[in-house]
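The values are calculated or read from the model by the stated rules, or taken from the named source; none is laboratory data. Note that this is a predicted model, so its numbers are computed, not measured. A quick note on method: Cβ atoms are made from the backbone with ideal geometry, for glycine too, and the neighbour counts reach across all protein chains shown. These accessible areas exclude ligands, DNA and RNA; they are computed on the full protein's heavy atoms, side chains included. Shrake-Rupley method; radii C 1.70, N 1.55, O 1.52, S 1.80 Å.
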Amino acid sequence: MVDFELTEEQGQLRDLAHEFAANEIAPKAAHHDQTGEFPREICKKAWDLGLMNTHVPEVYGGMGLGVFDGGLIAEEIAWGCTGIGTAMEANTLAEAPVIVAGTDDQKKTWLAPMIREFKFAAYCVTEPDAGSDVAGIKTIARRVGDDYALTGSKMWITNASVADWYFVLAYTDPEKKHRGMSAFIVPRSSDGVEVGKKEKNLGQRASDTRAISFNDVKIPKANRLGNEGDGFKIAMGAFDHTRPIVSAAAVGLARAAFEHAVRYAKERRTFGTPIAAHQAISFMIAEMSMNIEAARLLVWKACRTIDLGRRNTREAACAKAFGADMAMKVALDAVQVFGGYGFNAEYPVEKIMRDAKVFQIYEGTSQIQRLIIAKEIFERN
Ligand SMILES: Cc1cc2nc3c(=O)[nH]c(=O)nc-3n(C[C@H](O)[C@H](O)[C@H](O)COP(=O)(O)OP(=O)(O)OC[C@H]3O[C@@H](n4cnc5c(N)ncnc54)[C@H](O)[C@@H]3O)c2cc1C
């Protein structure tokens, strides 16, 4: 049976996230975009309300919410500002591999403190020479007795400077390609960890993106997730949990652009009538509405599938590719509805358009999502 109704608890969770986005995020979004100041205070308030780390299981002190519930929150937060949303959601991405592959001890060590104290974590896979082509990473973890020595550089790491610990993918046996990668948790305070300058990005400027270098960093064996060789599977498996959430954020951004466009189309007059009365404008807005609804359904299906314990790789990639491309198009069209004012930083859709672009890039580009979908179609049947 298909039921599109939220439970009472889910409705309350969504309302809580929406109120928070409307009262705490949206009013400060322009400030963080213009200054690039990290939204620590806003994140702290979100953490106090239980809007961060929601998927940490109850046995480790968390709320143990599902991906669907996380998606409901992500859509509302992104409606307020996706830069601030990305700063909040980076924890979800870093924690997912620990939830998927960590031992009980590892979960106690790395997840439980995220609930007890206000902390950040970061997910470190991308490198200067390898993003889509994960097998092209060069970071190496050499075995030294019972420990490892980690050397290499990561790039574009969200929350790099504020994180307490990093999830890091590295080769333990480069000869074996994907099967020679291993996953580690690296405390930020380790000797040899160096964090670069904040990158000046096109959009989502509230979030903190930096390079990190690991210079012969000692990592105890206890910090390895899974066995040697499991790293690629763990890092990619985390995306099945997080891509639906990122896609939900794309829906939230598109909803904000749509709402601004509707309001403006009713107010702005040309040729003696509100521009909403011109079919070219009203159809553009009708298309926005169609695509937002369609994207949300893909997101909900991807979330629900994994919450039921089923493989959702294809659904998650569909939601991500469609959601990201949809958000970019809706944001572009919202700028068009605003005309010249859409091109100006005093009006909200300019920022939304800049923020939208990265949805087609991070957590796997729109091209890579299509590769995954094609692979699922042709290689798994
Ligand atoms: C703001 C921001 C935050 C990020 N946060 C994180 C983070 O927290 N952690 C992390 O690990 N990474 C993060 N990333 C990195 C992000 O995941 C990568 O940028 C992304 O995976 C693309 O990799 P790349 O930049 O190396 O592009 P490339 O892989 O070099 O791709 C360049 C272009 O070629 C296309 N392309 C590549 N291969 C193929 C192919 N086989 N077929 C068709 N097209 C192809 C791509 O789609 C893209 O258009 C972040 C990036 C940004 C911009």
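Can you give the helix-only mean residue ellipticity at 222 nm for the chain, where every DSSP H stretch with n ≥ 4 adds -39500 (n - 2.57) and the sum goes over all residues, rounded to the nearest 500 deg cm²/dmol?
The per-residue figure over the chain is -17000 deg cm²/dmol.
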For the cross-link pairs LYS119/LYS176; LYS119/LYS197; LYS44/LYS197; LYS138/LYS198; LYS44/LYS357; LYS119/LYS198, which exceed 25 Å when the distance is taken from alpha carbon to alpha carbon? LYS119/LYS176; LYS44/LYS357
Taking +1 at the Cβ of each Lys and Arg and -1 at the Cβ of each Asp and Glu, which of PRO174, GLY226, ASN159 sits farthest along the dipole of the range 155-228 towards its positive end, judged by Cα position relative to the Cα centre? ASN159
What's the Kirkwood radius of the range 56-148 in Å, using all Cα pairs? 15.4
On the full set of protein chains, 1.4 Å probe, figure out the accessible area of MET284 and give it in Å² to the nearest 10. 40
Rounded to the nearest 10 Å², the accessible area of CYS318 using a 1.4 Å probe with every protein chain kept is 40
Given Cβ point charges of +1 (Lys, Arg) and -1 (Asp, Glu) and nothing else, what value in debye, to the nearest 20, does the dipole of the chain about its Cα centre take? 780
To the nearest µm²/s, what D does Stokes-Einstein give for the range 1-157 at 25 °C and 0.890 mPa s, using the Kirkwood radius over alpha carbon pairs as Rh? 140
For the range 101-230, the fraction of alpha-carbon pairs in successive 10 Å shells from zero, as %: 13, 44, 35, 9, 0
Mind checking which of ILE73, ILE140, ILE245 has the largest fluctuation in a GNM of the chain, springs on alpha carbons under 10 Å? ILE140
Accessible area per residue in Å² at 1.4 Å probe, computed on the range 286-381: 52
Most fluctuating of ASP173, ASP355, ASP208 in the GNM of the chain (C-alpha, under 10 Å) is ASP173
Give the long-range amide H neighbours of VAL193: residues separated by 5 or more places, or on another chain, with amide H under 5 Å away, using H modelled in the peptide plane at 1.01 Å from N. ASN215
So how far, in whole Å, is the C-alpha centre of the range 103-182 from the one of the range 211-262? 11
What accessible surface, in Å², does a 1.4 Å probe find on TRP300, ignoring ligands, DNA and RNA and rounding to the nearest 10? 50
Does anyone have the angle between helix 366-379 and the longest principal axis of the chain? Alpha-carbon axes, 0 to 90°, nearest 10? 70
If you roll a 1.4 angstrom probe over the protein chains with everything in place, what fraction of the accessible area of the range 94-141 belongs to carbon and sulfur, to the nearest %? 50
Taking the chain as a Gaussian network, Cα atoms linked when under 10 Å apart, which of ALA149, ALA321, ALA257 shows the biggest mean-square fluctuation? ALA149
Computing the accessible area with a 1.4 Å probe over protein heavy atoms, can you report the carbon and sulfur percentage for the range 294-372? 60
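How much accessible area per residue does the range 184-267 have, in Å², with a 1.4 Å probe?
Value for the range 184-267: 41 Å² per residue.
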Pairs LYS45/LYS375; LYS177/LYS320; LYS108/LYS329: which are spaced more than 32 Å apart, C-alpha to C-alpha? LYS45/LYS375; LYS108/LYS329
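Could you report the range 64-138's accessible area per residue, 1.4 Å probe, as an integer in Å²?
30
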Given unit charges at Cβ for Lys, Arg (+) and Asp, Glu (-), the dipole magnitude of the range 48-152 about its Cα centre in debye, nearest 20, is 320
Could you please put SER213, SER182 in sequence from largest to smallest accessible area, using a 1.4 Å probe? SER213, SER182
Rounded to whole Å, give me the distance from the Cα center of the range 80-102 to that of the range 11-40. 16
With bins of 20 Å, the percent of all Cα-Cα pairs of the chain per bin from 0 is 29, 57, 13, 1
Which number do you get for Rg(Cα) / (2.2 N^0.38 Å) in the range 1-75? 1.25
Using a 1.4 angstrom probe with every protein chain in place, what is the largest-first accessible-area order of VAL251, VAL162? VAL162, VAL251
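Quick one, what does Rg over Rh come out to for the range 265-381 if you take C-alpha atoms and the Kirkwood Rh?
A ratio of 1.10.
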What is the projected area of the convex hull of the Cα atoms of the range 97-150, averaged over all directions, in nm²? 5.4
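Size of the dipole of the range 246-367 about the Cα centre, Lys and Arg at +1 and Asp and Glu at -1 on the beta carbon, nothing else charged, in debye to 20?
Charge dipole of the range 246-367: 260 debye, to the nearest 20.
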